[in-house]
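Remarks on the structure that follows.
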Amino acid sequence: MITTTQRLSTPLIGTYTIDPVKSTVIYMTRSGGLNKAAGTFTLLAGTIEVTASSIVAVRITLDANNFSSHNKTRDMSTSARFLDAAGYPQITY
């Protein structure tokens, strides 16, 4: 956990690989506009590109077949309505 008393060092310039084993992609949305719904996707691959001035790019690839809101009914409904995992097995940002 980062607190206000800790200082973070600036990362070195370069491209960093995100470790899928040690990383989790968490999302949060509203279900029906009222209730919050959260869940996870399995990260397949990812990189972070750093320049002298800032982080300029974050690229990730997610496994669309491994979507979970920890609610099986919601997962089946969401997968059928919003994710065509058979046709689009990967989600890339």
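Looking at this structure, is residue 87 under 13 Å from the mean Cα position of the chain (by Cα), of a type in the set (Gly, Ala, Ser) and either farther than 24 Å from residue 18 by Cα or surrounded by 15 or more Cβ atoms within 10 Å (Cβ to Cβ) (or both)?
no
In this structure, is residue 59 part of a helix (DSSP H, G or I), surrounded by 12 or more Cβ atoms within 10 Å (Cβ to Cβ) and touching a residue at least 24 places away in the same chain (Cβ under 8 Å)?
Spelling it out, it is not the case that residue 59 is part of a helix (DSSP H, G or I), surrounded by 12 or more Cβ atoms within 10 Å (Cβ to Cβ) and touching a residue at least 24 places away in the same chain (Cβ under 8 Å).
Among the residues of segment 69-84, write down those that are of a type in the set (Gly, Ala, Ser) and surrounded by 15 or more Cβ atoms within 10 Å (Cβ to Cβ).
Passing the criteria: 69, 79.
When only residues in segment 12-30 that are more than 12 Å from residue 43 (Cβ to Cβ) and of a type in the set (Val, Ile, Thr) count, which is modelled with the highest pLDDT?
If we take residues in segment 12-30 being more than 12 Å from residue 43 (Cβ to Cβ) and of a type in the set (Val, Ile, Thr), then 15 is modelled with the highest pLDDT.
Tell me which residues, restricted to segment 37-64, are farther than 30 Å from residue 9 by Cα and modelled with pLDDT of 85 or more.
38, 39, 63, 64
Pairs needed: first member in segment 25-40, among the charged types (D, E, K, R); second member anywhere, surrounded by 11 or more Cβ atoms within 10 Å (Cβ to Cβ) and in a strand (DSSP E or B); C-beta distance under 9 Å; at least 6 residues apart or different chains.
30/37; 36/29
Give the number of residues within segment 26-53 that are outside any strand (DSSP E or B) and on the phi < 0 side of the Ramachandran plot.
4
The values are calculated or read from the model by the stated rules, or taken from the named source; none is laboratory data. For clarity, every value in this text was computed on a predicted model and none was experimentally measured. No Cβ is skipped: glycine too gets one built from the backbone with ideal geometry, and neighbour counts run over all protein chains shown.
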